[in-house]
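Down below is the structure, laid out as structure tokens.
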Amino acid sequence: MFELRRDPVTGWWSAIVADRAFSRQAFEVEAQPVEGTHCRHCDDAPADDSPHHVRRVPLRSDAFHRIDSSKERAAQLSMSEVERATGSWEILVGPREHHERMADAAPQLAGALLRGARDAMRQIGGEPRPAGADGRPEPLYIQVVQSHGRQAGARTSHLNVELYAIPQVPHWVAEEIGGGARQMIKTRQCVWCSVSGAEEEDGERLVFADHHAIVFTPAASRSAFEMMVVPRGHAADFTGLDDDSITATTATLQRALLALDALGNPPYNLFLHTSPAGERLDGTFHWHWEIHPRLRVIAGLERATALAVNPVAPEYAAEVLRVHLHQ
């Protein structure tokens, strides 16, 4: 039996498999190491690298070519002829010989990575952007991603955080922005504040809560053992955090990632959703982290319909994660 659940922000549906016999062992997927033993980030590290030094390494400028398929001659033109390339892709890396998981990194080093991401986002977002058709600067979204395990797309075993400067607002984020605005009009409340507060009070899907944030498995989780980390302080833009808040969010994230050890050492993607560069969404959006373990292959129903199928009830997932943290 599929239990259809609707996300309160985006309106997207997830199918939760409610009647399948569940074996936790089936989801204890070990993160596969990135192939090869040579690490260029170790080779490139300065000789006097300090224990908590983070380097910002550009991987590619002009990383995105925008193709508008509605243009009359798009099919006949090359990428560069249709529209110029823009955006960037870079990586923040820890010091030499740091190949540990984010959960296991020294708090000072993990915090330095997040501060480095905040500072890079501020710098990239503050750069001049070309004007769009409406005369306003073209949109820019800076995506922060931290991946663990080859199944999650990790390209190196070196401790790192990736940043993508994308010349558009991704569909997922745009749906959240629109959903947050609709809920504010409807209820006069921030939907993330409301949902996270309700999850903390109810407790069934709560993984843990601390002074900084509430961590829970969303009712309409799109992946097994998915977690959402919603800060208590309402703010739309991650780049507005001061250093003390970065320290607090680092502690919360490391504890949330340690909860995944209930499944062994699973591959996962950690990503940040925040407001696009230069956009003032303080009243309607709430920045947050999402953690998506990569535990299975996407099946045919999901590919055919874009309906997420989750074989683990979020209530059960929260219990497994919560119990592990309290052992």
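FYI, it's all coordinate maths here, none of it is from the lab. All figures in this text were calculated on a predicted structure; none of them were measured in a lab. Every residue, glycine among them, receives a Cβ derived from its backbone with ideal geometry; neighbour counts consider all protein chains shown.
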#### Entry: Model label zone, residue 67; criterion: amide N under 20 Å from point 7 Å along Cα-to-beta-carbon; scope segment 85-129
85-89
#### Entry: For segment 236-251, Karplus couplings with θ = phi - 60° (6.51, -1.76, 1.60), whole Hz, Gly/Pro x
8, 10, 4, 5, x, 5, 8, 5, 5, 5, 4, 4, 5, 5, 4, 4
### Summary
Gyration tensor on Cα atoms of segment 106-263, a ≥ b ≥ c root eigenvalues, a/c under 1.5 rounded, else prolate if a/b beats b/c, else oblate, says oblate
### Task
Could you check the simple spin-label distance between residue 258 and residue 2, using points 7 Å along Cα→Cβ, in nm with one decimal?
3.8 nm
#### Entry: Relative contact order %, segment 206-327, counting alpha carbon pairs below 8 Å whose residues are six or more apart
37 percent
### Task
Mind listing the long-range amide H neighbours of residue 17? Cut-off is under 5 Å, sequence gap 5 or more, other chains count too, H placed in the peptide plane at 1.01 Å from N.
3, 310, 312
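Let me check I've understood the local charge: for residue 137, count other residues with C-beta under 12 angstrom from its C-beta, Lys and Arg +1, Asp and Glu -1. What total comes out?
Details: positive: 129, 136; negative: 127, 134, 138, 279.
It works out to a net charge of -2.
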## Note on the structure
If amide H atoms are modeled at 1.01 Å from N in the peptide plane, then the residues at a separation of 5 or more from residue 223, or on another chain, having amide H under 5 Å from its own are none
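Given the Cα-Cα distance of residue 243 and residue 306 and 0.36 nm per residue of separation, how much length would full extension add, in nm?
Gain on extension, residue 243 to residue 306, equals 18.8 nm.
More than 14 angstrom separation, counting every C-alpha pair in segment 250-317; what % is that?
72 percent
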### Task
With θ set to phi - 60°, apply the Karplus curve 6.51 cos²θ - 1.76 cosθ + 1.60 along segment 117-128 and write out the HN-Hα couplings as whole Hz, x wherever there is a Gly or Pro.
5, 4, 5, 5, 4, 4, 5, 5, x, x, 6, x
### Query
Can you list the HN-Hα couplings for segment 170-184, worked out from phi with the Karplus curve (6.51, -1.76, 1.60; θ = phi - 60°), rounded to whole Hz and with x for Gly and Pro?
x, 4, 4, 5, 4, 5, 5, 4, x, x, x, 5, 5, 5, 5
## Note on the structure
Row for segment 90-162, column shape: gyration tensor on C-alpha, a ≥ b ≥ c, rounded if a/c < 1.5 i.e. under 1.5, prolate if a/b over b/c, else oblate; value prolate
## Note on the structure
Residue span residue 316 to residue 150: 0.36 nm per residue of separation minus Cα-Cα distance leaves a gain in nm of 57.1 nm
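What is the fewest-to-most order of 192, 172 by other Cβ atoms lying within 10 Å of their Cβ? Don't jump to the answer; show the numbers that get you there.
On the way: 192 23, 172 15.
By the 10 Å Cβ count, ascending: 172, 192.
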### Choice from 210, 134, 119 showing the highest fluctuation, given a GNM over the chain with Cα pairs closer than 10 Å
134
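Over all distinct alpha-carbon pairs, what is the Kirkwood Rh of segment 174-230 in angstrom?
Result for segment 174-230, one decimal place: 12.0 Å.
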### Query
If you take the C-alpha gyration tensor of the chain, multiply each eigenvalue by 5 and take the square root, what semi-axes do you get, largest first, in whole Å?
30, 27, 22
### Neighbour-count order for 285, 238, 208, fewest beta carbons within 10 angstrom listed first
208, 238, 285
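Relative contact order for segment 78-223: what percent, with Cα pairs under 8 Å and sequence separation of 6 or more? Write down the numbers at each step before the final one.
Working: 140 pairs, mean separation 33.1, N = 146.
With pairs under 8 Å counted, the relative contact order is 23 percent.
Name the shape class, rounded, prolate or oblate, that the alpha-carbon gyration tensor gives for segment 213-327, where a ≥ b ≥ c are the square roots of its eigenvalues, rounded holds for a/c under 1.5, and otherwise prolate holds if a/b is larger than b/c and oblate otherwise. Intermediate values should be presented prior to the final figure.
Values: a/c = 2.28, a/b = 1.32, b/c = 1.72.
Verdict is oblate for segment 213-327.
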### Task
State to the nearest 20 debye the size of the charge dipole of the chain about its Cα centre, where the only charges are +1 on K and R beta carbons and -1 on D and E beta carbons.
600 debye
### Message
Given a 10 angstrom Cα cut-off, can you work out which residue in 250, 187, 305 is the most mobile in a GNM of the chain?
### Response
305
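Say R0 is 51 Å: what FRET efficiency, to the nearest 0.05, do residue 30 and residue 187 get from their beta-carbon distance? It would help to have the intermediate numbers written out before the result.
Working: r = 43 Å, r/R0 = 0.84.
The formula returns an efficiency of 0.75 here.
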